[in-house]
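A.B. asks: Following this message is one structure expressed as structure tokens.
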Amino acid sequence: MEETVRALLCDTRSIQRYIYAGNRLKTNVGASFLVTTVFEEELFPVVREVFGDAFDEESFTQGSAPIEALAQGGRALVAANGGGNALVLFSTDVTEETLRGIVRSFSERVLVSRPGLHLGAALGELRTAPAFFQEDLSALFGKLKENQNRVFPRVNVPYHGLTVSCQVNGEAANFFDAHQEIRPDAPQELRFYSQETAAKARAAKRATAALHKMFSSITERYAFPLEIGELGQRETENFFAIVHIDGNNMGERFRACRTQDARSRLSRSVQKKTEGAFRCLLESIDAEYGSYAAFLDLGTADGKPVLPIRPIILGGDDVTFVCPARLAIRYAKRFLEAMADPASVSGLEADEARSLDACAGIAIVKTSYPFFRGYELAEQLCDAAKARMRALREEGGAGTSWLDYAILHGEQAPTLAALRAQEYHGARGDMHFGPYRVAHPMGTGEKEHRYDIENLALAVRQLQGTKDAAGRWKTRPCMARSKAKELRGVLAHGAKEAQRFRLQLDHMGDHLPDVAEWAVYAKPENALWSGAPGNERTPYVDAIELMEFLPEEAE
């Protein structure tokens, strides 16, 4: 085995802004596919042209020990491809000028096929011995970051005097959509769009085909939606959810790998785990699809029923999907449970991927809300969930999965901190109780369970009540809907208002949601709050808000 190899590290920059530019799900999906396939379709063909059969492109996907191939007559091989970057290794007789030529040709191809996509590249050497590998790889990533901070390429055709702007992403509109590739639903609207938007729209078909192939056992009976309006929301319901999920402590897992082979095995296993967890989620949707008719209006596409979910990013431990607002918490919970369950996916190469904890952020927004801002909010919510997870971990708690959510009813604050300060800060403290923990299938050993997501669902169910098929009450709500809305206002004020409200409930024969883990908040002396003075918390606002965003008989 060679002790030193040459390395080319490439990555895609500003991925989120590229994917979520514009409010059309079709172009978001297409953009994600262009990012996912950029190295496979644009970089690797360039390397193949230079090295021919001496380029081992399959070693990474087939699970063979990649670096050993360079000692057996190979001159180039794929060591990593995923998560927005690719690592290609070369034998030491390959010159730097050859590598620069590969980067040049790769960049030219991307400018044509994927306008608007920013790239980064770094050249270096890696010592393959375990004692030096991680150090050299970190230095290579540092060099890549340095190059990104020095080079700011133009990747779109610039404006000139008579250029109109694209209504999707604001770039120069230099593509005429004569064949309705971008708006097939509006045949009367022939418009100019940017070349970037056109490339994304064309890629959406390929993305859907790849998704159907990946989950063929499900998609032989169902179709994935291509527009937000196809998720099943009824005309009176103008909300959908953007769900962003990210694995916990994945950087630590990869830094613990002392060889490229170990990193490759972990990367493949994480990808397989993510796809398997999403397959588990789709199977659960299939099992309950008939129940959705009670609160969704799902159509058909290509003669198949449309699924109420669309993954946008499904790579490594990074997942983003959209779904109806009513199903967002249910779907996020199931996905996190499948990721944490060691038995949900079999045949993984790396033990580190058998059980993966992750955190989720759920942004519930109106269909007209800017998609990129909605995604940014989902990211911030995921970060808030991770902060809670890390805080408990530092206190000696077990690794667990958490989720947090926010509901935007209008053009509210652009950051999560500002939103919470404006809308969820009462006289006594924080009126948002989350983030919430998702139960681990193997148990967490935690003594404190007040933040378990099951408690929130139970409280919502009691506020909603349950009915039978004829619409008769099986279980009456614990209080009238009007009183629940009044409670939200009461919680923004002091203890006297809360105590007065409690007396009214007792007089009417109503009561607060009966949740054992929330008993401390229901005590008369605590007046619906608990915690240190000035920094108290209450769980009831979350339950009240979710009455409209969880289906009845919720999990």
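A.B. asks: I want to confirm something. Restricting to the range 53-66 and keeping residues that are open to solvent by less than 30 Å² (accessible area, probe 1.4 Å) and out of contact with any Lys or Arg (no Cβ under 9 Å at 6 or more places or on another chain), which single residue is modelled with the lowest pLDDT?
C.D. replies: So, considering only residues that are open to solvent by less than 30 Å² (accessible area, probe 1.4 Å) and out of contact with any Lys or Arg (no Cβ under 9 Å at 6 or more places or on another chain), the one modelled with the lowest pLDDT is Pro66.
A.B. asks: Pairs please, first residue from the range 76-104 and within 12 Å of Leu123 (Cα to Cα) and polar (S, T, N, Q), second anywhere and open to solvent by 40 Å² or more (accessible area, probe 1.4 Å) and not in a strand (DSSP E or B), Cβ atoms under 7 Å, 6+ apart in sequence or on different chains.
C.D. replies: Going by the 7 Å Cβ cut-off, the qualifying pairs are Thr98/Val50.
A.B. asks: Here's a follow-up. Within the range 214-258, restricting attention to residues that are among the polar types (S, T, N, Q) and open to solvent by less than 10 Å² (accessible area, probe 1.4 Å), which residue is farthest from Ala406 (Cα to Cα)?
C.D. replies: In this case the residue turns out to be Thr219.
A.B. asks: Looking at (1) touching a strand residue (DSSP E or B) at 6+ places or on another chain (Cβ under 8 Å); (2) open to solvent by 10 Å² or more (accessible area, probe 1.4 Å); (3) under 19 Å from Asp341 (Cβ atoms), which is the only condition Thr274 fails?
C.D. replies: That leaves (2) as the condition not met.
A.B. asks: Now a separate question. Please enumerate the residues belonging to the range 2-61 that are aromatic (Phe, Trp, Tyr) and closer than 27 Å to Arg75 by Cβ.
C.D. replies: Once the filter is applied, which keeps residues that are aromatic (Phe, Trp, Tyr) and closer than 27 Å to Arg75 by Cβ, the range 2-61 yields Phe39, Phe44, Phe51, Phe55, Phe60.
A.B. asks: Sticking with this structure for a sec: Can you tell me which residues in the range 199-210 are surrounded by fewer than 19 Cβ atoms within 10 Å (Cβ to Cβ) and of a type outside the set (Gly, Ala, Ser)?
C.D. replies: Arg202, Lys205, Arg206
A.B. asks: List every residue pair whose Cβ atoms sit under 7 Å apart, with the two residues 6 or more apart in sequence or on different chains, where the first one lies in the range 284-298 and is open to solvent by 30 Å² or more (accessible area, probe 1.4 Å) and the second, anywhere, is modelled with pLDDT of 95 or more and assigned to a loop (DSSP other than H, G, I, E, B).
C.D. replies: Hits for this filter: Leu298/Pro308.
A.B. asks: If you don't mind, another one. Considering every residue within the range 403-420, establish whether at least one is surrounded by 24 or more Cβ atoms within 10 Å (Cβ to Cβ) and closer than 29 Å to Arg268 by Cβ.
C.D. replies: Checking the range 403-420: at least one residue is surrounded by 24 or more Cβ atoms within 10 Å (Cβ to Cβ) and closer than 29 Å to Arg268 by Cβ.
A.B. asks: Could you list, in sequence order, all residues of the range 1-46 that are closer than 18 Å to Val243 by Cα, open to solvent by 20 Å² or more (accessible area, probe 1.4 Å) and touching a Phe, Trp or Tyr at 6+ places or on another chain (Cβ under 6 Å)?
C.D. replies: Listed by number, the list holds a single entry, Asn23.
A.B. asks: Okay, next question. Could you tell me how many of the residues in the range 389-418 are over 16 Å from Asn248 (Cβ atoms), at pLDDT 85 or above and touching a Leu at 6+ places or on another chain (Cβ under 9 Å)?
C.D. replies: 6
A.B. asks: Still on this structure, please answer the following. Name the residues in the range 105-138 that are free of Cβ contacts under 8 Å to residues at least 60 places away in the same chain, among the polar types (S, T, N, Q) and under 19 Å from Gln195 (Cα atoms), would you?
C.D. replies: Correct list: Ser107 only.
A.B. asks: From the list Leu87, Leu99, Leu70, Leu43, which residue is closer than 28 Å to Glu181 by Cα and either assigned to a helix (DSSP H, G or I) or modelled with pLDDT of 90 or more (or both)?
C.D. replies: The conditions single out Leu43.
A.B. asks: Here is a follow-up. So, of the residues in the range 170-180 that are part of a loop (DSSP other than H, G, I, E, B) and either crowded, with 19+ Cβ neighbours inside 10 Å or touching a strand residue (DSSP E or B) at 6+ places or on another chain (Cβ under 8 Å) (or both), which turns out to be modelled with the highest pLDDT?
C.D. replies: Residue satisfying both the conditions and the ranking: Ala173.
A.B. asks: Which ones in the range 517-529 are touching a helix residue (DSSP H, G or I) at 6+ places or on another chain (Cβ under 7 Å) and open to solvent by 50 Å² or more (accessible area, probe 1.4 Å)?
C.D. replies: Within the range 517-529, Glu517, Pro524 qualify.
A.B. asks: If only one of Ala469, Ala495 is open to solvent by 50 Å² or more (accessible area, probe 1.4 Å), of a type in the set (A, V, I, L, M) and more than 32 Å from the chain's Cα centre (by Cα), which one is it?
C.D. replies: Exactly one residue qualifies, and that residue is Ala469.
A.B. asks: Limited to the range 324-348, what total is found for residues that are touching a Leu at 6+ places or on another chain (Cβ under 8 Å) and not aliphatic (A, V, I, L, M)?
C.D. replies: Of the residues in that region, 7 qualify.
A.B. asks: Only one of Ala543, Ala532 is among the hydrophobic types (A, V, I, L, M, F, W, C), more than 24 Å from Val365 (Cα to Cα) and either within 34 Å of the chain's Cα centre (by Cα) or surrounded by fewer than 15 Cβ atoms within 10 Å (Cβ to Cβ) (or both); which?
C.D. replies: Criteria check complete, one pass: Ala532.
A.B. asks: Please go through the range 432-465 and pick out each residue that is modelled with pLDDT of 90 or more, of a type in the set (A, V, I, L, M) and either open to solvent by 10 Å² or more (accessible area, probe 1.4 Å) or outside any strand (DSSP E or B) (or both).
C.D. replies: Within the range 432-465, Ile453, Leu456, Ala457, Leu458, Ala459, Val460, Leu463 qualify.
A.B. asks: With respect to the numbered conditions (1) out of contact with any strand residue (DSSP E or B) (no Cβ under 6 Å at 6 or more places or on another chain); (2) under 21 Å from Arg481 (Cβ atoms), which one is the sole condition not fulfilled by Tyr521?
C.D. replies: Failing condition for Tyr521: (1).
A.B. asks: Within the range 363-374, can one find any residue that is modelled with pLDDT under 90, surrounded by 21 or more Cβ atoms within 10 Å (Cβ to Cβ) and either among the β-branched types (Val, Ile, Thr) or not in a helix (DSSP H, G or I) (or both)?
C.D. replies: yes
A.B. asks: Okay, moving on. Across the range 308-343, what is the total count of residues that are open to solvent by 10 Å² or more (accessible area, probe 1.4 Å), under 13 Å from Gly361 (Cα atoms) and part of a strand (DSSP E or B)?
C.D. replies: Within the range 308-343, residues that are open to solvent by 10 Å² or more (accessible area, probe 1.4 Å), under 13 Å from Gly361 (Cα atoms) and part of a strand (DSSP E or B) number 1.
The values are calculated or read from the model by the stated rules, or taken from the named source; none is laboratory data. All figures in this text were calculated on a predicted structure; none of them were measured in a lab. All Cβ positions, even for glycine, are placed from backbone atoms using ideal geometry, and neighbour counts span all protein chains on display. For the accessible areas, the whole protein counts, side chains as well, though only heavy atoms, and no ligand, DNA or RNA atoms are used. Shrake-Rupley method; radii C 1.70, N 1.55, O 1.52, S 1.80 Å.
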